[in-house]
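So the structure is just underneath, and the comments pick up after that.
The values are calculated or read from the model by the stated rules, or taken from the named source; none is laboratory data. Only a predicted model underlies this, so the values are computations on that prediction, with no experimental measurement involved. Because the Cβ atoms are built from the backbone with ideal geometry, glycine has one as well, and the counts that use them run over all protein chains shown. Protein only, heavy atoms only, side chains kept; ligands, DNA and RNA dropped before computing areas. Shrake-Rupley method; radii C 1.70, N 1.55, O 1.52, S 1.80 Å.
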Amino acid sequence: MAKLIEGKIVAKKILENLSDEILFLEKKPCLAVIIAGDDAASKIYVNSKKKKAEELGIKSVVIELPQNCTQQEILEKIYTLNNDDSVNGILVQLPLPPQINAKEVVEKIHPLKDVDGLHPYNLGQIAAGNKPHAYPCTPKGIIRLLEYYDISIAGKHAVIIGRSNLVGRPLSLMLLNENATVTVCHSKTKNLSQITQQADILVSAAGQRGLVKADMVKDGAVVIDVGINRQEDGKLCGDVDFWGAEPRASYITPVPGGVGPMTICSLMQNTFDLYKIQNKI
């Protein structure tokens, strides 16, 4: 029976330490979030980030733009925030309205304020084996979970399902930098189950309910489920058949309560880390 990797508990401990550090700062860190449009899920995410930031003593500024906003309007907001010394981290909530070029928006955020770790400079530093100003939040959370549970990465075969810029691509580089042997699978991969059965560490970040069946999991594998999906009864679930995979795995993340809490935890940690760099602490 697998041991649960409880991100909720790990995130709570990390954030308690972070709160203690922020408590004695005269000038508090500041996170600015730009949200454009009327996506209901995005509004929930932004509100939860704002609430968590304020609990920790991080100032939170939310800039709301209408669904019909222009590319120029968003870029002007980013320019203002880039040049505002009181703002330490800038986050643009995705998805953006269809008329907005998200790639250009992310690239206009100053790398030193790129709290999501998605600017080409920061991703390029990871690819070069260097330390970026900020690591992408979900991959950073996954690495911290593995470290917390003393799960060795070096020499292991890590298989990642999903190649998004948010999770799959940066995580593959970060695991490579930790001396894992990394295979990245995606929608065009043939014989997926044959590859996943070789994984010592299996990460699914495809966003497809029921994608990873029990027989796709190697005995003793560490299973990290990044997927967030809905069951027919409306309850949250991941990409992995949890009850099928759990008897085969050595460690496994639940959904919810696994990777999710670590993502927002990493966002708060990134805000503080960027604050320290900018203030030469």
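See the values below:
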{"quantity": "Selection status of Leu15, modelled with pLDDT of 95 or more, within 18 Å of the chain's Cα centre (by Cα) and either among the aliphatic types (A, V, I, L, M) or loosely packed, with under 14 Cβ neighbours inside 10 Å (or both)", "calculated": "yes"}
{"quantity": "The one condition in (1) outside any loop (DSSP other than H, G, I, E, B); (2) surrounded by 15 or more Cβ atoms within 10 Å (Cβ to Cβ) that Ile9 fails to fulfil", "calculated": "(2)"}
{"quantity": "Exclusive hit being touching a Leu at 6+ places or on another chain (Cβ under 7 Å) and modelled with pLDDT under 95, set Ala127, Ala102, Ala134", "calculated": "Ala102"}
{"quantity": "Within the range 179-196, tally of residues that are in a loop (DSSP other than H, G, I, E, B) and surrounded by 16 or more Cβ atoms within 10 Å (Cβ to Cβ)", "calculated": "1"}
{"quantity": "The range 46-70: number of residues that are surrounded by 16 or more Cβ atoms within 10 Å (Cβ to Cβ), on the phi < 0 side of the Ramachandran plot, without any contact (Cβ under 8 Å) to a residue 60 or more places away in the chain and not in a strand (DSSP E or B)", "calculated": "3"}
{"quantity": "Of all residues making up the range 213-228, the number that are aliphatic (A, V, I, L, M), open to solvent by less than 10 Å² (accessible area, probe 1.4 Å) and within 18 Å of Thr263 (Cβ to Cβ)", "calculated": "2"}
{"quantity": "Residues (crowded, with 24+ Cβ neighbours inside 10 Å and not in a helix (DSSP H, G or I)) located in the range 251-281", "calculated": "Ile252, Thr253, Gly258, Val259"}
{"quantity": "Unmet criterion (only one of (1) in contact (Cβ under 8 Å) with a residue 40 or more places away in the chain; (2) closer than 16 Å to Gly168 by Cα; (3) touching a His at 6+ places or on another chain (Cβ under 9 Å)) for Cys137", "calculated": "(3)"}
{"quantity": "Failed item in (1) over 22 Å from Ile5 (Cα atoms); (2) within 21 Å of the chain's Cα centre (by Cα), with Ala180 passing the rest", "calculated": "(1)"}
{"quantity": "Which numbered condition Gly210 fails, given (1) closer than 20 Å to Gly141 by Cβ; (2) without any contact (Cβ under 8 Å) to a residue 40 or more places away in the chain; (3) in a loop (DSSP other than H, G, I, E, B); (4) not basic (Lys, Arg)", "calculated": "(1)"}
{"quantity": "Any chance Ile74 is in contact with a His (Cβ under 7 Å, 6 or more places away or on another chain) and crowded, with 19+ Cβ neighbours inside 10 Å", "calculated": "no"}
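Here's the yes/no breakdown for (1) open to solvent by less than 30 Å² (accessible area, probe 1.4 Å); (2) not in a loop (DSSP other than H, G, I, E, B); (3) not acidic (Asp, Glu):
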| site | (1), (2), (3) |
| --- | --- |
| Ile78 | yes, yes, yes |
| Leu94 | no, no, yes |
| Gly129 | no, no, yes |
| Pro132 | yes, no, yes |
| Leu146 | yes, yes, yes |
| Asp150 | no, no, no |
| Gly155 | no, no, yes |
| Arg163 | no, no, yes |
